[in-house]
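Nothing in this text is a laboratory measurement; each read-out follows from the coordinates by a stated rule. Not measured: the values here are computed from a predicted model. Methodologically, a virtual Cβ is constructed for each residue, glycine included, from the backbone with ideal geometry; neighbour enumeration extends over all protein chains shown.
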């Protein structure tokens, strides 16, 4: 009955002011979750278009299409947009949509702060993209923003980048505080910590990581701003500072950041695999401890990004071993996913296909990570395409595949309609093939010595680069199927209605709600059976 | 059953606690700056050394000869001459050695520079003891002025046995450039 009331409330106004009230001022976790996801989709397509330009330039040797200066800007902006604009907001969107429904809460703990946290993002996104149209150039020093490239030599637009990073950092800090408070204080009676869905656990731990390292990044870019304009010398050797300090500070943020963009993915996969295996998640408590272990270790490995900067041997050994140690909890997770599937009644709907591809391809990315962790090998691999291959394997078939799987998995719940399964399967196979075509040859290129972030290359690298570019174009086009499928599902024309449970093997509170769920769910806490 | 107000209170308490955590981590980033310098200097990492009072060398190890090489770099195309008067010297650990760097200001204005030292290999850093060095202070040169600047140093007798060559490098910075961004060519192919 209350649903009908709310429905009436939302429909009696019309026109632009109603639209603005409905979305701009919304404090509803589902609305804000949707807005996060739309924002992330737009940024993903923008960053993806930049990737297409980069691959077009590298299709053949010789600087043919882009000016080298513009190529550098594309590489920088692609990285920044994908990490801060696409992946992080996408997982925030999932958290907003799912966490209250999964723990039986009526909404996020601080709805108005939630609204503010989201609306900082489009502002930051516009500031970031506006640098492309500024005099001088957009930031052109790589997403890592190393000093002195970003301080002494940075173009004027660097200041706008710094402000954008401050805003995005503020947004994710507020989002994280909200998630922690919601998970700790708003669980329905009987929802004990160790009974929470894995997705909530992995986001809780991610939120703590964000709170710990986002302020450090904010401090670092503040120092950068001060070096640029206020005469300080944090990173300037001439004034007694040290450019190497920048790298230490950046990677103290940067490595936990790597886990910030992968732990929620682990959470998603831990939801999907049990559903389509029709079994409980194998070794739940080990999954929780492994996630916490990865988060803890992520603070002790940052200098593995700096093996060739002349850090002392003892530090190289320390950071090499701690880095390799991360393979243990990560291995536990992979093992548990495989064990969940073992002797399960498997079916292969699109979310499950993406989840299985995630497990396999993320593991490849993990293995190349161990190769890079070895100090003597890293001396050879660093700054080559091997590194590019490695982190794209953990980010694209890793984070992005888990994101796609999550959308297919929960879209019927959100919209009340089933997506087109045939189109979904096409999307999966095209993506899975092209992603490997795109990124696997990069390992060979790197081993053969092709450097990163250069718009041209020697002739012997031509074949593999062309293969990679073809893979990239295929991958880019395949995503249009995904976008089409999403939009058609939301519109719901000629689509099957989804049941409340949607998937036969789905378990958890979110599946007890109708599809689509009422605007305000769990206004009275649900009863949780053992 | 928890009441609505007690949940609000708990939320508030958690919000304040977490916000304090955020502020603390922001401060931690800045605290890293002095900590980093301190760590590098005490452990002799990154070629940094302490400028503290250096005890006179007592024992001279005449059985050992170590080559010390000298390098000079001018930052950002400084319009100066800057080079060591000798490229390398051979010293016994513990023995005091005096050598000179020559610098000349070729610009038409008075300039103040700071030389920043670095020692390689970094394991040797804490064993190079300087009693006098032009890098201890900023140096002001009038237009066209040139002079020799001394470095008085010795190597600690406990220098690890496997180190036979040490490189002492100085980079000269124009102190007026600190805190300024450099306009750079766009790199476009015309």
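How well do other chains shield peptide B:29-39, expressed as the mean number of their Cβ atoms within 10 Å of each residue Cβ?
4
For the range A:19-236, state what percent of all Cα-Cα pairs lands in each successive 10 Å bin, counting from 0 Å until the bin that includes the largest distance.
Going from the shortest bin to the longest, the percentages are 8, 30, 30, 20, 9, 2, 0.
Hey, what number do you get for the protein assembly as shown at 222 nm if only DSSP H runs of n ≥ 4 count, each worth -39500 (n - 2.57), divided across all residues, to the nearest 500?
Taking each H run of at least 4 residues, the total per residue is -18000 deg cm²/dmol.
Compute the distance in nm between two label points, each set 7 Å from the Cα along the Cα-to-Cβ direction, one at residue A:524 and one at residue A:25.
In this crude label model, residue A:524 to residue A:25 measures out at 3.0 nm.
Kindly give the semi-axes, whole Å and largest first, of the ellipsoid equivalent to the range B:66-177, taking each as the square root of 5 times a Cα gyration tensor eigenvalue.
28, 13, 11
Under Stokes-Einstein, with the Kirkwood radius over Cα pairs standing in for Rh, what whole-number D in µm²/s applies to the range A:312-401 at 37 °C and 0.692 mPa s?
So the translational diffusion coefficient is about 226 µm²/s.
With every atom except the alpha carbons ignored, what do you get for Rg and Dmax of the range B:1-43, in angstroms?
Answer for the range B:1-43, Rg first and Dmax second: 18.4, 58 Å.
Efficiency by 1/(1 + (r/R0)^6): what FRET value for residue A:64 and residue A:383, r their Cβ-Cβ distance, R0 = 22 Å, to the nearest 0.05?
That pair, residue A:64 with residue A:383, gives E of 0.40.
Mean separation of Cα pairs under 8 Å and 6+ residues apart, divided by the residue count of chain A: what relative contact order is that in percent?
18
Where does helix A:385-394 land angle-wise versus the long Cα axis of chain A, in degrees 0 to 90, nearest 10?
Computed tilt is about 10 degrees.
Just subtract the alpha-carbon distance of residue A:422 and residue A:42 from 0.36 nm times their residue separation and send over the number in nm, one decimal.
So the chain would gain 134.4 nm between residue A:422 and residue A:42.
Kirkwood hydrodynamic radius for the range A:62-150: how many Å is it when counted over pairs of different Cα atoms?
The Cα-based Kirkwood calculation yields 15.5 Å.
Out of every Cα-Cα pair in the protein assembly as shown, what percent are more than 40 Å apart?
Everything past 40 Å amounts to 39 percent.
Report the gain in length on full extension from residue A:460 to residue A:347: 0.36 nm times residue separation, minus Cα-Cα distance, nm rounded to one decimal.
36.3 nm is the gain from fully extending residue A:460 to residue A:347.
For residue B:110 and residue A:513, FRET efficiency with R0 = 51 Å and r from the beta-carbon atoms, rounded to 0.05?
0.10
Strictly greater than 24 Å: what percent of every Cα pair in the range A:128-230 meets that?
41
Using only Cα atoms, find the angle between the long axis of helix A:2-11 and the longest principal axis of chain A, and express it within 0 to 90 degrees, rounded to the nearest 10.
Roughly 60 degrees between the two axes.
Using the alpha-carbon atoms, what tilt in degrees (0 to 90, nearest 10) does helix A:462-491 show relative to the longest principal axis of chain A?
20
With no solvent and one equal point scatterer per Cα, compute the Debye intensity ratio I(q)/I(0) for the range A:244-356 at 0.10 Å⁻¹ and report its log10, rounded to two decimals.
-0.38
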